[in-house]
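Chemist: One structure, as structure tokens, below. Some questions next.
The values are calculated or read from the model by the stated rules, or taken from the named source; none is laboratory data. Bear in mind that the values here come from a model prediction, so they are computed numbers and not experimental data. Note: ideal-geometry Cβ built from the backbone for every residue, glycine included; neighbour counts use all protein chains shown. Just the protein is used for accessible areas: all its heavy atoms, side chains included, with ligands, DNA and RNA removed. Shrake-Rupley method; radii C 1.70, N 1.55, O 1.52, S 1.80 Å.
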There are 2 protein chains.
Amino acid sequence: MGKNYLAFFNKFYKTKRRLPSYREFMALAGLKSTNAVHKIVAKLEEEGFLRRDDGGRLAPGSRFLGVPVLGNIAAGFPTPAEEELCDTMTLDEYLIGHKEATYMLKVSGDSMIEAGIMPGDLVLVERGRQPRDGDVVVAEVDHAWTLKYYKKTGEHITLVPANRKYRPIVPTDELNIAAVVVGAVRKYKV
Amino acid sequence: MGKNYLAFFNKFYKTKRRLPSYREFMALAGLKSTNAVHKIVAKLEEEGFLRRDDGGRLAPGSRFLGVPVLGNIAAGFPTPAEEELCDTMTLDEYLIGHKEATYMLKVSGDSMIEAGIMPGDLVLVERGRQPRDGDVVVAEVDHAWTLKYYKKTGEHITLVPANRKYRPIVPTDELNIAAVVVGAVRKYKV
DNA sequence: TAGTATAGTGAACAAGTGTTCACCTTGTCA
DNA sequence: TGACAAGGTGAACACTTGTTCACTATACTA
């Protein structure tokens, strides 16, 4: 078993956001021949960590970025450290559809707490999308911005909070919907 | 205003996971001189979309990956399409600390629903971390895996669900804690 | 003990790299 | 009309790229 050369690639990628060239990696890993790198890369490519396109330039493989998805929680953890059956994915690819129209907002207030959106969470919202019945939207009500369910029955529109403490809102004159929520993210400070 | 050359970079990066060379971009954008690319890149670098390190090799800038964070939801949306004050960030960088020990699990069951973790959500869990009082953990109880709060008072450990329908669990013989939840992610099908 | 993978060295190669120069359009604005 | 800037061409430059060859040292196995 050789050294953990993948760690060098990871570290380089983390700061530079690209993969090193063979010479750069030589210096990183303390090697003295590009051929050594060539062989290391071939192995990492085989394992799915790196990718090479025409011309041999390196790109991150599917296992380089991304986190392994283990499947349903009821299945628990695969007891050994080996699990090839699962795939990996990056959160950005998973959550973001139209990157140009997507923004993040930090949630304050508890108006959607029963929908699992807690204060402090980040919501991913997409602009310019037509809200549909049942969507969570970013709306302006009473000159303040909040999250609400968008309920549409016929032509009748109601903004419904997911919190028994608050009442549904029937917009009076103008209804300002800035964006539709496409995802929610919570980080636990552990 | 020239064409939207950034879109070419985005599309290339999305499929190849690296940035194109000048010649490759020439072909993409239908240009006939590397110098044209040179000037385009200089502009995109100035705007923060691209980065160049020594040797001129390209890397994604801070605005290339990542989503703009607009701040608190109460502030709503900045009315024009201009907001330079906010920063951008990628979800992976935000949520993932120790990438090698991090996995994703799809949540089934409603035992943590009052903590904002709904069935169908994805939780990010980190292995090999010592759980502390109040953490959400992946635990094996009654030969099944679930999410529970990890409550520790003195030497006494209880696994507490965030759902009034279920009762806290006092582990009898052995307590198997596989991982600690460090994040939660929900995707709305819009 | 000899045999054989494994991992790395060192040098050479053609091809591709970003940069820089002078030059050419084209549209804008005074 | 003339000046000017923006955006693109075309060619040359020195340098870096990944690849390949033959060779060496080390460790393990039969």
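Chemist: On alpha-carbon atoms, Rg over Rh for chain A using Kirkwood Rh?
Modeler: 1.15
Chemist: How large is ³J(HN,Hα) for each residue in region B:108-121, as worked out from phi by the Karplus curve 6.51 cos²θ - 1.76 cosθ + 1.60 (θ = phi - 60°), to whole Hz, x for Gly and Pro?
Modeler: Each residue of region B:108-121 in turn: 10, x, 10, 6, 10, 5, 7, 9, x, 10, 9, x, x, 5 Hz.
Chemist: Per residue, how many Å² of accessible area does region A:99-185 show with a 1.4 Å probe?
Modeler: In whole numbers, region A:99-185 has 49 Å² accessible per residue.
Chemist: Inter-copy label distances at B:GLU155, 7 Å along the Cα→beta-carbon direction, one decimal in nm, shortest first?
Modeler: List, nearest first: 7.3 nm.
Chemist: For every other residue with a beta carbon closer than 14 angstrom to the beta carbon of B:ASP121, add +1 if it is Lys or Arg and -1 if Asp or Glu, then tell me the sum.
Modeler: +3
Chemist: Nm distances between the label at B:ARG132 and the same-position labels in the remaining copies, 7 Å along Cα→Cβ, shortest first?
Modeler: 4.3
Chemist: While we're on this one: Over the Cα atoms of region B:95-185, what Rg and Dmax result, in angstrom?
Modeler: My reading of the Cα-based Rg and Dmax gives 12.4, 36 Å.
Chemist: Report which residues of region B:97-114 become buried by 30 Å² or more of accessible surface when going from the isolated chain to the complete set of protein chains (1.4 Å probe; DNA, RNA and ligands ignored).
Modeler: Checking the loss per residue gives B:LYS99, B:TYR103, B:MET104, B:LEU105, B:LYS106, B:SER108.
Chemist: Next question, about the same structure. Could you tell me the calculated FRET efficiency between A:VAL170 and A:GLN130, based on Cβ-Cβ distance and R0 = 22 angstrom, to the nearest 0.05? Don't skip to the end; give the middle numbers.
Modeler: Details: r = 20 Å, r/R0 = 0.91.
E between A:VAL170 and A:GLN130, to the nearest 0.05, is 0.65.
Chemist: Arrange the peptides B:147-154, B:11-18 so that the one whose residues have, on average, the most other Cβ atoms within 10 Å appears first.
Modeler: B:147-154, B:11-18
Chemist: When only C-alpha pairs under 8 Å and at least 6 residues apart count, what is the relative contact order of chain A, in percent?
Modeler: Reported as a whole number, the value is 13 percent.
Chemist: So what is the orientation-averaged projected area of the protein assembly as shown, using the convex hull of its C-alpha atoms, in nm²?
Modeler: 24.1
Chemist: Between B:HIS98 and B:ASP53, with labels modelled 7 Å along Cα→Cβ, what's the label distance in nm to one decimal, could you check?
Modeler: With each label point 7 Å from Cα toward Cβ, the separation is 2.6 nm.
Chemist: Need one number: nm distance between label points at A:ASP87 and A:ASN72, each 7 Å from Cα along Cα→Cβ, rounded to one decimal.
Modeler: 1.9
Chemist: Oh, and also: Taking 8 Å as the Cα distance limit and 6 or more residues as the minimum spacing, I'd like the relative contact order of region B:5-67 as a percentage.
Modeler: 24
Chemist: Also, I was wondering about something else. In the structure displayed, which of A:LYS151/B:LYS148; A:LYS43/B:LYS32; B:LYS14/B:LYS39; A:LYS152/B:LYS14; A:LYS99/B:LYS106; A:LYS11/B:LYS32 lie more than 31 Å apart, Cα to Cα? Could the numbers behind the result be given before it?
Modeler: On the way: A:LYS151/B:LYS148 33 Å; A:LYS43/B:LYS32 38 Å; B:LYS14/B:LYS39 23 Å; A:LYS152/B:LYS14 36 Å; A:LYS99/B:LYS106 24 Å; A:LYS11/B:LYS32 36 Å.
Over 31 Å apart, Cα to Cα: A:LYS151/B:LYS148; A:LYS43/B:LYS32; A:LYS152/B:LYS14; A:LYS11/B:LYS32.
Chemist: Sticking with this one: Using a label point 7 angstrom from Cα along Cα-to-C-beta, what distances in nm, from shortest up, separate B:GLY48 from the other copies?
Modeler: Label point to label point, same position, other copies: 3.6 nm.
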